[in-house]
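In what follows, a single structure is set out as structure tokens and then discussed.
The values are calculated or read from the model by the stated rules, or taken from the named source; none is laboratory data. A quick note: this is a predicted structure, and the numbers were derived from the prediction, not measured. Because the Cβ atoms are built from the backbone with ideal geometry, glycine has one as well, and the counts that use them run over all protein chains shown. What goes into the accessible areas is simple: the full protein's heavy atoms, side chains included, and nothing from ligands, DNA or RNA. Shrake-Rupley method; radii C 1.70, N 1.55, O 1.52, S 1.80 Å.
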Amino acid sequence: MRNDPSRLQGMTWDHPRGIDALRACGEAFERGTGAAIDWTVRSLREFEDTPVAELAAAYDLVALDHPFIGDAVEAGALLPLDSVFLPEELAERAEDSAGASHSSYHWNGRQWGGAVDAACMVSACRADAVAPAEMPVRWEEVGEFARRHGRDAVLLAANPTHLWGTVLSLCEAVRNTADGPRDNWRRSGDGRPEWWGNAGIDPELLEEGIERAVRLLALCAPASLVSDPITVHERLARPGDPALYCPLVFGYVTYARPGARQALVAFGDAPRLGDAPVGTLTGGVGLAVSARAAGSATGRDAAAFVRFATSARTQAGYAHQAGGQAGRRSVWLDERVDAEVTHFYRDTLATMDRSFLRPRLPGYPDYQRAAAHTLHNGVTGGVRPRALAVELTALWHKHVRV
């Protein structure tokens, strides 16, 4: 909640990747403009679940995930950035976006957030325990890895929200293989893959994605079912922990930085089913300005900070130095920056470039929460994939307003 009306109030998520870079950028912004920002943090789970409209009522700057855009816009909670940015500023950011990060915050013809962070689901392993050549490139190699190292060596982020993301990414891998090598990163107008239309996900593809997730879980440590990405990365970075490898998890540049307190985590592109590189679910973080600040000095300062934090210079400088994960493709391609994070960017860029978006339709966040818990309960309870696919389609029609 607002404490000092002379200072901007920002809300982000509680992880070094989520807060440290924004604090560093905020301090540099204050030195240059005199406008100060107080940051409040929420957990990763709250970041994934809390309605943006609720946060925008209390904060000037809100870090958000792109599927919340539709609900937030419908509630009138956000200031469109195209009302305070020049067209050429937005065009330049769109041109220099890592994957679909910038466009993920564009909805109904307007820009509602700026990409301060880009991410997608990739592979990860403990660098001193898994040789680069041993990192599975194809999904069938994941089983070979599990047989060689044991089930406890393979950890998946498979709590409800992230099991849902795994199924969606497996759907894309299946479709990519079925269609053969192609420009699979070409998406519909709102960034969704062609198998995810206004009637929901292709039911046959969804069933196969669930089947593959069930088979994958049989290869993974049982703790996977209660793990989120932070859990996975912390365990991979812990010397002596039995977890050595995760086939699909949102990449965190934090763990690719050499540090005395942890083992180094190495990252690679997501496994594929065929020969063609495949995209996965887009994550990352956007920074939005609350509508309540519109027309005020607070709103102008908040928009100016989004402009500052999304610039290539800031992302390659203050944000990177503080542990940030860039939203700019040019920063991903910067050899100096990439070398300082043991080539995290180079080794996952092919997946990032092909990543796909979830819908931003109003009602989608409620659908995702319901679908994720239904999926998780069904998989752990032995419900058949076909029956689960039917339930998930019914939930789409219940929650999503097309």
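Counting only heavy atoms of protein chains, what accessible area per residue, in Å², does the chain have with a probe of 1.4 Å? Walk me through the intermediate numbers first.
Values: 15350 Å² over 402 residues.
It amounts to 38 Å² per residue over the chain.
Does the range 292-402 classify as rounded, prolate or oblate by the C-alpha gyration tensor (a ≥ b ≥ c root eigenvalues; a/c under 1.5 gives rounded; else a/b over b/c gives prolate, otherwise oblate)? Spell out each step's value before the answer.
On the way: a/c = 3.38, a/b = 1.55, b/c = 2.17.
In terms of gyration-tensor shape, oblate.
Within the range 306-322, name every residue whose backbone N is under 11 Å away from a label modeled 7 Å from Cα of residue 340 along the Cβ vector.
In the range 306-322, the label zone of residue 340 (backbone N under 11 Å from the point 7 Å along Cα→Cβ) covers 315-322.
I'd like the distance separating the alpha-carbon centroids of the range 43-115 and the range 351-402, in whole Å.
Using only Cα atoms to place each centre, the spacing works out to 22 Å.
Take 97, 330 and sort them by solvent-accessible surface of the protein heavy atoms, 1.4 Å probe, largest at the top. Could you put the intermediate results ahead of the total?
On the way: 97 15, 330 50 Å².
Heavy-atom accessible area, descending, gives 330, 97.
Tell me the relative contact order for the chain as a rounded percent, counting alpha carbon contacts under 8 Å between residues six or more apart. Mind dumping the intermediate values first?
On the way: 828 pairs, mean separation 114.6, N = 402.
Contact order relative to length: 29 percent.
Excluding ligands and nucleic acids, what accessible area in Å² is computed for residue 340 using a 1.4 Å probe, to the nearest 10?
80
Of the options 99, 120, 40, report the single residue whose Cα projects farthest towards the positive end of the charge dipole of the range 28-135 (beta-carbon charges: Lys, Arg +1; Asp, Glu -1).
Sorting the options by dipole projection puts first 40.
Amide H neighbours of residue 284 under 5 Å, counting only residues 5+ apart in sequence or on other chains, H built in-plane at 1.01 Å?
119
Each residue of the range 363-376 in order: what ³J(HN,Hα) in whole Hz does its phi give by Karplus 6.51 cos²θ - 1.76 cosθ + 1.60, θ = phi - 60°, with x for Gly and Pro?
x, 4, x, 5, 4, 4, 4, 5, 5, 5, 6, 5, 4, 4
Quick query: amide H of residue 100 versus all other amide H atoms, modeled in the peptide plane; which residues come in under 5 Å with a sequence gap of 5 or more or a different chain?
The answer is 355.
Using a/c under 1.5 as the rounded threshold, could you call the range 184-327 rounded, prolate or oblate? The axes a ≥ b ≥ c are square roots of the C-alpha gyration tensor eigenvalues, and prolate needs a/b larger than b/c, oblate otherwise. All intermediate terms of the calculation are to be shown ahead of the outcome.
Details: a/c = 2.25, a/b = 1.24, b/c = 1.81.
Oblate, since a/c reaches 1.5 and b/c is not below a/b.
Please list, ordered by chain and number, the residues whose modelled amide H lies under 5 Å from the amide H of residue 111; skip anything fewer than 5 residues away on the same chain.
81, 82
Can you give the accessible area of residue 73 in Å² (nearest 10), computed on protein heavy atoms with a 1.4 Å probe?
Rounded to the nearest 10, that gives 40 Å².
Please report, for the Cα atoms of the range 112-250, the Rg to one decimal and the Dmax as a whole number; what are they, in angstrom?
Computed over the Cα atoms of the range 112-250, radius of gyration and Dmax are 15.9, 47 Å.
Using only the alpha-carbon atoms of the range 31-173 as identical scatterers, what base-10 log of I(q)/I(0) does the Debye formula give at q = 0.13, 0.14, 0.18, 0.22 Å⁻¹?
Cα-only, vacuum Debye calculation for the range 31-173: -0.80, -0.88, -1.15, -1.46.
What does the C-alpha gyration tensor say about the overall shape of the range 261-311? Classify as rounded when a/c is under 1.5, otherwise prolate if a/b is larger than b/c, or oblate. Can you show the working numbers first?
On the way: a/c = 4.34, a/b = 2.27, b/c = 1.91.
Since a/c reaches 1.5 and a/b is larger than b/c, the shape of the range 261-311 is classed as prolate.
If you rank 48, 92 by how much accessible surface each has, with a 1.4 Å probe, what is the order from largest down?
Values: 48 25, 92 80 Å².
Putting 48, 92 in descending order of accessible area: 92, 48.
If I model a spin label as a point 7 Å beyond the Cα along the Cα-Cβ vector, how far apart are those points for residue 148 and residue 92 in nm?
About 4.7 nm, to one decimal.
Spin-label point model (7 Å from Cα, Cβ direction): what's the residue 398 to residue 257 distance in nm?
That separation, rounded to one decimal, is 4.3 nm.
Trypsin sites (Lys or Arg not before Pro), restricted to the range 194-274: which are DSSP loop and have at most 11 other Cβ atoms within 10 Å? Could you put the intermediate results ahead of the total?
Values: sites: 212, 215, 235, 261, 272; in loops: 261.
Answer in residue order: 261.
Report which label in (i) 66, 46, 42; (ii) 81, 54, 50; (iii) 59, 50, 38 holds the value of Cα extents along the principal axes in Å derived from the coordinates of this structure.
From the options (i) 66, 46, 42; (ii) 81, 54, 50; (iii) 59, 50, 38, the structure gives (iii).
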